[in-house]
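As structure tokens, the structure follows; a few thoughts come after it.
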Amino acid sequence: MYLKQGPIMKKIIFSLALLTLLSCQEGRPHGNQYELPELTPNNYLIGNLNDNRSSYRVSFYDINIDFDIENKSIDGYVTIKAESIRDLNQLQIDLAEKLNINKITYENQELSFSREFDAVLIDFNYTIKKGNFFEFTVFYDGVPQNADNPPWAGGFTWSKDKDERDWIAISCEGEGARIWWPNKDHITAEGDSVRMKYTVPSNMVAVGNGKLRNVITNGDKSTYEWFVGNPINNYNISVQIGNYVAVQDTFIKDDTVHNMNHYVLDYNKELASNYFTQSKEVIRFYEKYFGDYQWYEDGYKLIEVPYLGMEHQSAVTYGNGFSIYNGIRSKSWPMYGVIDPLIIHETGHEWFGNSVTASDPTHIWIHEGLQVYSEAIYFEDKFDSYEVGIHYLNTLKNRIVNEIPIVGRENENHWALHGDTYMKGAWIMHTLRSVINNDKIWFSILKEFMTENAKGFANTNDFFKKVYDKTGEDYWYFAQQYFYSPNQPELEYYQSDEKFYYRWNNINDNFIMPLDLLVNGKELRVFPSKEYKSFKTSKHSQIEVMDWKFYVKPVLVNK
Ligand SMILES: [Zn+2]
């Protein structure tokens with residue numbers, strides 16, 4: 001049953017890079033951006049794992065696409081190798097409605113299919129028994145959607161480089177990979193491996209994820225074959241086409257030398273070969289706190305693109321101008337002049353998002369909130385200063401709006417990529433660290449959550465299960481307040497004679513978070529409730545609510 005058509009899902013802001021939040025907000029259409037989107041029929045089909053999707057698992061995608069740059073069109077076929085989870089005689093794949101399907105074949109027969117919005121229901125002529133591997137091929141073509149504002153409103157970017165040569169890129173987080181190739185377009189449906197063959201004019205280079213296996217030139221066209229030997233989110237699969245050259249570097253870990261082959265436009269080779277070395281420091285930082293990089297066999301590379309950048313797995317795209325100070329994002333966010341904001345943010349997603357993926361996009365704070373939080377830890381580590389980490393978080397605080405919960409509804413293809421997912425998400429992690437008040441435990445929570453869920457999926461509940469395992473305390477009340485409600489706890493307080501009075505406002509009934517006050521320069525942990533509590537203190541005491549450690553709003557009242 002389809003639901004009634006709702007208003008078009010708002011162009012919410014598929015903001016991917018941290019500091020993109022500013023430009024993302026600048027680029028927003030008018031109206032209240034902070035309503036949870038209504039469920040549309042298309043998102044009903046794409047957002048949940050209905051019977052025709054849960055009945056099979058994708059093991060391998062073989063993507064073959066020929067690019068017609070002049071006409072901004074694509075012509076290709078994708079072979080999907082799958083394993084049946086139960087007996088099935090039909091299944092759903094997904095491909096944008098606007099692309100044509102020419103035929104679907106299975107064992108040399110053409111299969112019949114029907115289309116409903118972006119869903120394609122394929123009928124097999126007989127039952128495929130549970131546990132079988134089978135493969136079918138979708139032949140398709142068409143003009144894919146353009147990116148209105150990549151990467152937040154994604155699609156194809158058909159651009160020109162400085163020398164007026166074609167330069168093309170694709171980004172599709174939120175929109176889904178189905179806007180350019182057929183697949184099972186659910187966040188948990190990662191193939192075990194993917195081969196990509198991109199055919200482009202032979203004077204250009206097509207750069208994909210993973211390792212380059214082969215280039216075959218045939219007349220005025222060349223086919224670049226790329227391979228990813230690991231599970232990969234569909235939206236992370238991307239291609240960049242331009243006058244690229246490779247910038248080679250190496251990364252040494254445990255006496256093993258790993259190759260890094262970045263790709264930049266030919267005229268930026270020298271600039272990039274010096275600048276991109278900072279990615280190595282970034283990788284070492286993430287490995288220290290969050291476990292091993294998971295894609296050594298697929299490599300790590302940065303690829304220059306005509307938009308800001310995106311966390312495409314093992315092929316992080318970069319468009320911040322090769323400058324810590326003068327890049328587009330660097331200007332609004334110089335990050336203390338020590339690191340390129342795009343490189344640290346998008347590379348960090350190799351951990352948050354690419355390795356540990358939210359099991360539903362409504363839990364995408366696991367990608368973005370943890371990512372922004374990890375940047376505060378980076379500065380804390382880099383400067384060996386807890387205060388610098390707090391300073392970083394404080395600079396983000398005024399972007400929090402507290403209008404909708406960070407986690408919305410599951411199964412509705414709701415990519416919760418609004419500002420609070422980033423900034424408040426980071427502040428929630430910082431607050432939880434303060435509540436737990438034991439850094440050894442806190443950092444082991446983060447590292448174990450990342451390593452135990454590496455190359456896997458997790459949701460908000462999984463995170464708090466890990467917190468419970470490590471602390472013995474049930475912090476679900478904390479999750480309910482901070483992730484499932486938009487309300488920022490308020491500490492109402494006043495001092496009268498020799499007593500300090502305080503209580504919570506704007507909280508869930510079960511919210512029992514402790515809080516630290518600074519009383520005449522000394523930290524004091526209190527356990528506020530909805531009813532006033534008090535403690536004795538000397539007259540004219542200097543008391544501060546430590547809102548640099550806790551995401552709470554101090555409200556001084558006159559009594
Ligand atoms: Zn991000």
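The values are calculated or read from the model by the stated rules, or taken from the named source; none is laboratory data. Being a predicted model, the structure only gives us computed values, none of them experimental. A quick note on method: Cβ atoms are made from the backbone with ideal geometry, for glycine too, and the neighbour counts reach across all protein chains shown.
Some notes on this structure:
- Screening the candidates Asp547, Asp469 for the property of being within 29 Å of the chain's Cα centre (by Cα), surrounded by fewer than 13 Cβ atoms within 10 Å (Cβ to Cβ) and modelled with pLDDT of 95 or more yields one hit, Asp469.
- Any chance Asp123 is within 21 Å of Trp180 (Cα to Cα), in a strand (DSSP E or B) and of a type outside the set (A, V, I, L, M, F, W, C): no
Table: residues versus (1) touching an Asp or Glu at 6+ places or on another chain (Cβ under 6 Å); (2) in a loop (DSSP other than H, G, I, E, B); (3) in contact (Cβ under 8 Å) with a residue 40 or more places away in the chain.
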| position | (1), (2), (3) |
| --- | --- |
| Glu287 | no, no, no |
| Glu297 | no, no, yes |
| Ile303 | no, no, yes |
| His312 | no, yes, yes |
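- Residue list for region 335-348, filter: in a loop (DSSP other than H, G, I, E, B) and crowded, with 24+ Cβ neighbours inside 10 Å: Asp340
- Residue check: Gly327 meets all listed conditions (1) free of Cβ contacts under 8 Å to residues at least 24 places away in the same chain; (2) within 14 Å of the ligand (Cβ to nearest atom) but one, namely (2).
- Ala416 of a type outside the set (Asp, Glu) and closer than 25 Å to Tyr386 by Cα: no
- Those residues of region 349-388 which are closer than 18 Å to Thr317 by Cα and outside any helix (DSSP H, G or I), in sequence order: His349, Glu350, Trp351, Phe352, Gly353, Asn354, Ser355
- Residue in region 411-421 that is within 12 Å of the ligand (Cβ to nearest atom), among the polar types (S, T, N, Q) and either free of Cβ contacts under 8 Å to residues at least 24 places away in the same chain or in a helix (DSSP H, G or I) (or both) present: yes
- Val138 vs. criteria in contact with a Pro (Cβ under 6 Å, 6 or more places away or on another chain) and either in contact (Cβ under 8 Å) with a residue 24 or more places away in the chain or surrounded by fewer than 20 Cβ atoms within 10 Å (Cβ to Cβ) (or both): yes
Yes/no matrix, rows are residues, columns are (1) surrounded by fewer than 24 Cβ atoms within 10 Å (Cβ to Cβ); (2) of a type in the set (Val, Ile, Thr); (3) outside any loop (DSSP other than H, G, I, E, B):
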residue	(1), (2), (3)
Thr157	yes, yes, yes
Glu164	yes, no, no
Lys197	yes, no, yes
Asn203	yes, no, no
Asn209	no, no, no
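- Just one of the listed residues (Phe535, Phe511, Phe500) is closer than 20 Å to Asn437 by Cα and in contact with a Phe, Trp or Tyr (Cβ under 7 Å, 6 or more places away or on another chain), and it is Phe511.
- Count of residues meeting criterion [within 26 Å of the chain's Cα centre (by Cα) and crowded, with 16+ Cβ neighbours inside 10 Å] in region 266-277: 3
- Which listed residue, of Ser355, Ser374, Ser332, Ser359, is surrounded by 23 or more Cβ atoms within 10 Å (Cβ to Cβ), in contact (Cβ under 8 Å) with a residue 40 or more places away in the chain and more than 12 Å from the ligand (Cβ to nearest atom): Ser355
For (1) under 29 Å from the mean Cα position of the chain (by Cα); (2) of a type in the set (Gly, Ala, Ser); (3) surrounded by fewer than 17 Cβ atoms within 10 Å (Cβ to Cβ), each residue gets a yes or a no:
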residue	(1), (2), (3)
Glu70	no, no, yes
Ile74	yes, no, no
Lys98	yes, no, yes
Asn108	no, no, yes
Phe117	yes, no, yes
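- Filter result for His391 (within 16 Å of the ligand (Cβ to nearest atom) and over 15 Å from Phe276 (Cβ atoms)): no
- Only residues that are crowded, with 21+ Cβ neighbours inside 10 Å, of a type outside the set (D, E, K, R) and either within 16 Å of the ligand (Cβ to nearest atom) or farther than 22 Å from Trp158 by Cβ (or both) were counted across region 294-306, and they come to 4.
- From Thr347, Thr277, residue being under 23 Å from Gln248 (Cα atoms) and within 15 Å of the ligand (Cβ to nearest atom): Thr347
- Against the conditions (1) touching an Asp or Glu at 6+ places or on another chain (Cβ under 8 Å); (2) under 28 Å from Asn48 (Cα atoms); (3) basic (Lys, Arg), Arg409 satisfies every one except (1).
- Every test in (1) under 24 Å from Tyr44 (Cα atoms); (2) of a type in the set (S, T, N, Q); (3) more than 26 Å from the chain's Cα centre (by Cα) is passed by Asn125 save one, and that test is (1).
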